[in-house]
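Everything below concerns the one structure shown next.
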Amino acid sequence: MFKTNLQIYLASKSPRRRKLLKQLGISFRSFSVDINEEVLDGEHPIKTVRRLALHKSELASLKVRNGIIITADTIVVLNKEIIGKPKNEKGAYKILSRLSGKTHLVFTGFVVKNLMNGKSIVDYERTKVSFRELTSKEIHDYIKTGSPMDKAGAYGIQDDFGAVFVEKIDGCYYNVVGLPLAKLYRSLMEIL
């Protein structure tokens, strides 16, 4: 178990990331930092998620002065193209239709930063996710739930109907949810 007397802060508005940290038994406070999650033309996905997580960490460091800060950013990549969160229902339909019957990659970049000793780790995880063929009705029904709207790739592998779209994964399941727990845990131990 991870034990520390330092306050831990999760700088994320994602309810999924909060749930994952609770699963580890980590006591933390959460707040959000707003950044423009801009994807740069030609930028490699690993560089993108690391850059965005680092930018979130820098902004979070302005809000708290001591303790440990955790930030993360997750993207979906299909055929070397970064697919973000849908802007509307039409966008969600387009994304899910493109992912149907194909294998895509999920990248999560994260930063753990100990403000007391100055140690920080910037890392990432990559997972392959294969979708089965989806029907138009399944996609429309899922979009009606509102669930795809705040998620990279317009689906959630956990807690909702999006789970039945996934045929198999190769890599860290928790990475697809939003935080690669094994790597995050090791990083937290390293920065103490």
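Bear in mind these aren't lab numbers, they're just calculated from the coordinates by the rules spelled out. If you're wondering where the values come from, they're calculated on a predicted model, not measured in any experiment. Neighbour counts run over all protein chains shown; Cβ positions are idealised from the backbone, glycine included.
Observations
- Two-site FRET efficiency, Gln7 against Ile169, from Cβ-Cβ distance with R₀ of 41 Å, rounded to 0.05: 0.75
- Relative contact order (%) - the range 1-111, alpha-carbon pairs under 8 angstrom, separation at least six: 29 percent
- The chain, helix-only ellipticity at 222 nm - DSSP H runs n ≥ 4, -39,500 (n - 2.57), divided by all residues, nearest 500: -9500 deg cm²/dmol
- Rounded to the nearest 20 debye, the dipole size of the chain about its Cα centre is 440 debye, using +1 on the Cβ of Lys and Arg and -1 on the Cβ of Asp and Glu.
- Dipole size of the range 41-137 about its Cα centre, with +1 on Lys/Arg Cβ and -1 on Asp/Glu Cβ: approximately 160 debye, rounded to the nearest 20.
- Our analysis of the range 97-192 gives Rg over Rh at 1.09, with the two radii drawn from alpha carbon positions and Rh computed by the Kirkwood formula.
- Ordering Val176, Val164, Val33 by the number of other Cβ atoms within 10 Å of each residue's own Cβ, fewest first, gives Val164, Val33, Val176.
- The Rg/Rh ratio for the range 8-191, using Cα coordinates for both the radius of gyration and the Kirkwood hydrodynamic radius, is 0.97.
- Label reach from Met116 (point 7 Å along Cα→C-beta): in the range 171-192, amide nitrogens under 15 Å belong to 188-192.
- Surrounding net charge for Phe2, when Lys and Arg each add one and Asp and Glu each subtract one, Cβ distance under 14 Å: +3
- Short-range pairs are left out: with C-alpha atoms under 8 Å and at least six residues apart, the relative contact order of the chain is 22 percent.
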